[in-house]
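The values are calculated or read from the model by the stated rules, or taken from the named source; none is laboratory data. Since we're looking at a predicted model, the values are computed, not measured. Every residue, glycine among them, receives a Cβ derived from its backbone with ideal geometry; neighbour counts consider all protein chains shown.
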Amino acid sequence: MPTGRVAVFTTSGVPFDIVELPTPEVEPGGLLVKNTHAVICGSDLHGWRGDGDVPIPLVRKLTGHEFTGVVHSLGAGVKTDSLRRPLREGDRVAFPFFNPCNRCYWCTRGEHHACRHRGRWYTLDEHPYCDAGMADYYYLPPGHYVFKVPDELPTDAVPPVNCALSQVLFGLERAKMDFGDTVVIQGAGGLGIYATAIAADKGASRVIVIDGQQPRLDLAMRCGATDTVSMTDYPTPESRVERIRELTHGVGADVVVEVVGVAAATLEGLDMVRANGKYIDIGNIGGGSIEFPTVKVISNQTQWFGTVHYDPWIIEEALQFLVRVQDRIPVADVVSHKFPLEQINEAFEFAEWHGREGGTVANRVALTI
């Protein structure tokens, strides 16, 4: 059986190892992907830092979930993608990094994003072969979802599709953002830039982006933002809330999207939502907690959407979104820097943003495989 490289994470503060492991054996109905690019997601940084309540594994585990690749080999019976388009070895593909079971209460209701059996976080002891995002290969088991990448898309635009882009697209669709809404986006990293572009494409009347890094805010303006709020100019939560009130004529935002990954941002963002508005909480998966009077949400009649994962169909919608906007929005620029897989430790150090002020900070750092 051939082998492949895989990055192995032990615990925060310990460098990644690159090891060789056997590749998965392809079952009938399965598909083996040869990875080409993997992106360092904010959740990867949370675990790497050891933030908040993120569990630190007691055994080594495989790493990476935001990535793309090409078909390496098709299992018996697999001839098409999930939309029955012909699929061949060498075709570029995008796919969810988790697998809903299709045999539980949530799946039978079409709520694949909430399937309690969808997770796929392997350790070397439980899953002893090369099968991860930051690795040479990834295995899609029987019953998988996979979508052929349109020929029009540059490869650099594809790696964040199965996490950053699909996550915020699903969040905005789930909250039913309407044409003409005012949208505030907390954070202009990879998810924030995509949320900006999606809100603009969906017809938001105003898209206001908050961040502490001017280069990120500049990119947000190129991707559809109408206004930006710099945390340098507005250094306190109170000043930022007041600025949002000014920009929305005292009403507040119809929709606020949190993609910062800091618990305190949620407390701040809730004060930016208009009465009966919507708050989409996506980035806050790194642990930490906040306390606030329930009246803040109840009296304001805030509709709060906690969003983790997405339904598989959103992958195709994300790909078509990229095709539609690529000539007017620099979506490929979300991947701002690249490192080879062998330099994964340098890549994580470069992607780290905690404690940095000013200067150029990466939106998404990709590993080339």
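If you filter the stretch 1-17 down to residues that are of a type in the set (A, V, I, L, M) and part of a loop (DSSP other than H, G, I, E, B), you find that the one that is farthest from Thr368 (Cα to Cα) is Met1. In the stretch 214-226, the count of residues that are surrounded by fewer than 20 Cβ atoms within 10 Å (Cβ to Cβ) and assigned to a loop (DSSP other than H, G, I, E, B) is one or more. Looking at Lys79, Lys61, just one residue is among the basic types (Lys, Arg) and crowded, with 19+ Cβ neighbours inside 10 Å, and that residue is Lys61. Within the set Val158, Val146, the sole residue that is surrounded by 21 or more Cβ atoms within 10 Å (Cβ to Cβ), more than 19 Å from Ala195 (Cβ to Cβ) and β-branched (Val, Ile, Thr) turns out to be Val146. In the set (1) outside any strand (DSSP E or B); (2) over 18 Å from the mean Cα position of the chain (by Cα), the condition left unmet by Glu20 is number (1).
The residue that is surrounded by the fewest Cβ atoms within 10 Å (Cβ to Cβ), counting only those in the stretch 176-206 that are in a helix (DSSP H, G or I) and not aliphatic (A, V, I, L, M), is Asp201.
At least 3 residues being modelled with pLDDT of 95 or more and buried (at least 22 other Cβ atoms within 10 Å of the Cβ) is the threshold, and among the strands (runs of 3 or more DSSP E) wholly inside the stretch 245-350 those reaching it are 253-258, 273-281.
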